[in-house]
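Q: Pasting in a structure now, in structure tokens, and then I'll have a few things to ask.
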Amino acid sequence: AVGVNEYPKLRGTTDLRFAVADAAEVADVCESLYGYEVVRLSGEKATRQEIETTLKRYGEALGNEDALVVFFAGHGQVVPLTSESEAGFLIPADADLDINDKSDPARWQSQALEMQSVADLLESMKARHVVLIADACCSGFLIRRGALDRADLRTFLLGDK
């Protein structure tokens, strides 16, 4: 469960008020009601490196009978890569960015978590069930990237049959 309220090096936006509390509540529910082992990355602990390391560690450790729930509450942004493509990013606590400056995609890739990379990592895991819940601006970008090609997700997200 990742929650970031304060962004010391993020410019062009305000800090958040409830992301850390939301992540804590999700972690508490997963732990107490469902028996999940919980890793809490909040505040200054929610760095890009720590989030990536934790996801990779679980990717290696989990087997085909396991389940993983990843919850991220914090800032997000969509950045154009070319005139025809774009990438969505989840912004960790240590990101040194201007949220409104989308002119340097390489800087975003070095400072933030590219949603497609996170989705690819989660999809490659051996765990039977993997869920990513992103409570961030532009998190809807995740469902625009092919997820709706799957009938089960289309039904879940849109009620289509």
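Q: Which pairs in the list K56/K126; K9/K56; K9/K102 are over 21 Å apart, alpha-carbon to alpha-carbon?
A: K9/K56
Q: List the residues, sorted by chain then number, that are 5 or more residues from C137 or on another chain and whose placed amide H is less than 5 Å from its amide H.
A: G76
Q: Now for a separate question. For the range 95-102, in order, what is each residue's ³J(HN,Hα) by Karplus, 6.51 cos²θ - 1.76 cosθ + 1.60 with θ = phi - 60°, in whole Hz (x at glycine and Pro)?
A: 5, 9, 9, 9, 4, 8, 9, 9
Q: If you don't mind, there's one more thing I want to ask. May I ask for the percentage of alpha-carbon pairs in the chain that lie more than 18 Å from each other?
A: 60
Q: Quick one: pull the percent of accessible area on the chain belonging to carbon and sulfur, 1.4 Å probe, ligands and nucleic acids left out.
A: Result for the chain: 50 percent of the exposed heavy-atom area is carbon or sulfur.
Q: By per-residue mean of other Cβ atoms within 10 Å, what is the highest-first order of 116-128, 69-81, 36-48?
A: Result, highest mean first: 69-81, 36-48, 116-128.
Q: What are the residues whose amide H is under 5 Å from the amide H of A87, where those residues sit 5 or more places off or on another chain and H is modelled from the backbone?
A: Sorted by chain and number, the residues that satisfy this are V79, L81.
Q: Now, a different point. Using helices alone, what [θ] at 222 nm do you get for the chain, with -39,500 (n - 2.57) per DSSP H run of 4 or more residues, divided over all residues and rounded to the nearest 500?
A: That comes out to -9500 deg cm²/dmol.
Q: If you don't mind, there's one more thing I want to ask. Under 13 Å from a point 7 Å along the Cα-to-Cβ line of E31: which residues of the range 42-57 have their amide N that close?
A: 42
Q: Here's a follow-up. In nm, to one decimal, how far is the K126 label point from the D96 one, both placed 7 Å along Cα→Cβ?
A: Calculated label separation equals 3.9 nm.
Q: Something else now. Write down the accessible area per residue of the chain in Å², having rolled a 1.4 Å probe over the full set of protein chains.
A: Per residue, the chain has 59 Å² of solvent-accessible surface.
Q: How big is the dipole moment of the chain about its Cα centre under a simple scheme where the beta carbon of each Lys and Arg is +1, that of each Asp and Glu is -1, and everything else is neutral? Debye, nearest 20, please.
A: 220
Q: Would you rank R17, R107, R11 by solvent-accessible area, highest first, keeping every protein chain in place and using a 1.4 Å probe?
A: Highest to lowest solvent-accessible surface, that is R17, R11, R107.
Q: Here's a follow-up. Amide H of F71: which non-local residues (sequence gap of 5 or more, or other chain) have their own amide H closer than 5 Å, using H built in the peptide plane?
A: Under 5 Å from the amide H of F71: V2, I133.
Q: The range 97-135 to the range 40-69: how many Å between their Cα centroids?
A: One Cα centre to the other: 13 Å.
Q: Can you give the net charge of the other residues whose Cβ lies under 13 Å from the Cβ of V79, counting K and R as +1 and D and E as -1?
A: Combined, the nearby Lys, Arg, Asp and Glu give -3.
The values are calculated or read from the model by the stated rules, or taken from the named source; none is laboratory data. None of the values given here were measured: they were computed from a predicted structure. Methodologically, a virtual Cβ is constructed for each residue, glycine included, from the backbone with ideal geometry; neighbour enumeration extends over all protein chains shown. These area figures cover heavy atoms from the full protein model, side chains too; ligands, DNA and RNA do not enter into them. Shrake-Rupley method; radii C 1.70, N 1.55, O 1.52, S 1.80 Å.
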